[in-house]
Amino acid sequence: MHDIKWIRDNPAAFDRALARRGLPGEAARLIEIDERRRAAIGKAEAAQARRNAASKEIGAARRSNEEETAQKLVVEVAALKAAIPELEAEERRLSKELDDALARIPNSPLDDVPDGTDAGGNAEHHHFGAKRSYGFAPKQHFELGEGLGEMDFETAAKLSGARFVVLKRGLARLERALGQFMIDLHTGQHGYTEVSPPLLVRDEVMFGTAQLPKFEEDQFWAVSGERLAPHGGDEGGDQMVLEALRAGRLGLIPTAEVPLTNMVRESILEEAALPLRLTALTPCFRAEAGAAGKDTRGMIRQHQFGKVELVSVTSPGQSGDEHERMLSCAEEVLRRLELHYQVVTLCAGDMGFAAQKTYDIEVWLPGQGAYREISSCSNCGEFQARRMAARYRTREGRQVRHVHTLNGSGVAVGRALIAVLETYQQQDGSIAVPDVLQPYMGGLKVIEHER
């Protein structure tokens, strides 16, 4: 969420930032709405002030036996009393119009973010390791998983439809091992506090991290049975049903970023408590509304997947260094798994809605012969904090300011499973278990087809 005061003071800079994202300028429109809002506030305040003054004048007029004057003032006060609610309603309407407009505008990129309109403008930051050589044509993960008899898309489709999978035996255990390894690493060595958050959250929580209002169709929603009761067939009934559903729904989290970041909503933290570092291993749910036809084969793009999330809450002066630290924590997962990857800095046109700077970690998949994103680490500045009313008190205690929030995958468990399968595949279709995961697998060194 942007600060309208800053936009009023810096309209050209605000529009330049939007232009870097490939969007038209919005400053003039926002300032015009704000002018009308401010005028409405002024009218409401003036009417209230006049009402208070006139009320006092009535008493003075009556004490002076000026009954005619007193009666005129009584009429004036009555008129003001009737007008003030309408003036206040207009103020609320314009405030909502401004807030709704601001809520749909993405964060401004930092100056050091590369220019560009899409992934082609992303800049390679660095890479780790090298592509492995195989004495055979490496297979894709779904070929390996189905060959082992442990990755079942057909049964998942019977249960839930497309973009789901059933994992069995060794692969189910390997997925669990990956998540446990990651959470142990981040809590034991990187100083993150483990959290087990709710998987269902309110609309205002989705709004806080900017899933709403712009990305409503990308979320899954849970609605209690009573909210599905018929609402009659009168005109406008469909809208009434929709409003009733929204009033009673909860959203399934698309990432643990949502509940973890919102843990500081409507709070004032002490600066000495920052940075606050949180992590969670959770299922995540995404409707993938805009992903029709993309990655329909295999586990790359699923409606349900596991992910370890990293969230940091910092002061403004800490967030830049914390972003680099978070990236290194996510990278350490892949380094210990000995997976080849590259890090790219996303260009302004390819960043997520709430981010002001983002690093993507892209792991190499030998079966696909391509790099695929496995982690995205973003500094959101105060953008989410404004939406959540999340603040901190400076050490001197003189000021209360918005915190900065950061989030990153540490990392996506499903995609890590894909990378391990494709990287550690052997010619006979079996999978060597990475050394770091063997303690989580009961010492198992190879996953092979059960005969």
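Side notes on the structure shown:
- Per-residue ³J(HN,Hα) for region 148-165, Karplus 6.51 cos²θ - 1.76 cosθ + 1.60, θ = phi - 60°, Hz, x for Gly and Pro: 6, x, 10, 10, 10, 7, 5, 5, 4, 5, 5, 7, 9, x, 6, 6, 9, 9
- Charge dipole of the chain about the Cα centre (unit charges at C-beta), most positive-ward option of Ala40, Ala172, Asn10: Ala40
- Heavy-atom accessible area with a 1.4 Å probe sorts Glu217, Glu309, largest first, into Glu217, Glu309.
- Taking label points 7 Å from Cα along the Cα-to-Cβ direction, Gln189 and Glu32 give a separation of 5.7 nm.
- With Cα atoms, 0 to 90° folded angle of helix 27-63 axis to the chain main axis: 30
- Reachable lysines, given that their alpha-carbon falls under 29 Å from the alpha-carbon of Lys294 and they are not under 8 places away in the same chain: Lys131, Lys139, Lys158, Lys168, Lys214, Lys307, Lys357
- Listed values for region 443-450 are Karplus-derived 3J(HN,Hα) couplings in whole Hz (6.51 cos²θ - 1.76 cosθ + 1.60, θ = phi - 60°), namely x, 4, 9, 9, 9, 9, 5, 6, and x replaces Gly and Pro.
- Think of the chain as a dipole: +1 on every Lys or Arg Cβ, -1 on every Asp or Glu Cβ, centred on the Cα centre; then among Ala130, Ala280, Ser328, Ala280 lies furthest on the positive end.
- Relative contact order, percent, region 65-220 [alpha-carbon distance under 8 Å, six or more residues apart]: 13
- Region 92-173 shape via C-alpha gyration tensor axes, a/c threshold 1.5: oblate
- Percent of beta bridges antiparallel (DSSP, region 263-410, rounded to nearest 5): 90
- Charge context of Ala44, other residues only, Cβ under 13 angstrom, K/R +1, D/E -1: +4
- Relative to the Cα centre, the charge distribution of region 135-226, modelled as +1 at Lys and Arg Cβ and -1 at Asp and Glu Cβ, gives a dipole magnitude of about 340 debye.
- Degrees separating the helix 319-336 axis from the principal Cα axis of the chain, which is the longest one: 20
- A simple charge model with +1 on the Cβ of Lys and Arg, -1 on the Cβ of Asp and Glu and nothing else charged puts the dipole of the chain at about 580 debye relative to its Cα centre.
- Measuring with a 1.4 angstrom probe and ignoring ligands and nucleic acids, His125 comes out at about 90 Å² accessible.
- The residues packed around Ala28, meaning those with a beta-carbon under 12 Å from its beta-carbon, carry a net charge of -3 if Lys and Arg are +1 and Asp and Glu are -1.
- Contact order normalised by residue count of the chain, Cα under 8 Å, 6+ apart, percent: 20
- Sum of side-chain charges, Glu124 neighbourhood, beta-carbon under 13 Å (Lys, Arg +1; Asp, Glu -1): -2
- Rounded to the nearest 20 debye, the dipole magnitude of region 363-451 is 940 debye, with +1 charges on Lys and Arg beta carbons, -1 on Asp and Glu beta carbons, and the Cα centre as origin.
- Cα-based shape type of the chain, given that a ≥ b ≥ c are square roots of the gyration tensor eigenvalues and the cut on a/c is 1.5: prolate
- Within the chain, helix-based [θ] at 222 nm, where runs of 4 or more DSSP H residues each add -39,500 (n - 2.57), nearest 500: -13500 deg cm²/dmol
- Using C-alpha pairs below 8 Å separated by at least 6 residues, the relative contact order for region 1-70 is 20 percent.
The values are calculated or read from the model by the stated rules, or taken from the named source; none is laboratory data. This one's a predicted model, so the numbers in the text were calculated from it and none came from an experiment. Cβ: placed from backbone, ideal geometry, glycine included. Neighbour counts: every protein chain shown. These accessible areas exclude ligands, DNA and RNA; they are computed on the full protein's heavy atoms, side chains included. Shrake-Rupley method; radii C 1.70, N 1.55, O 1.52, S 1.80 Å.
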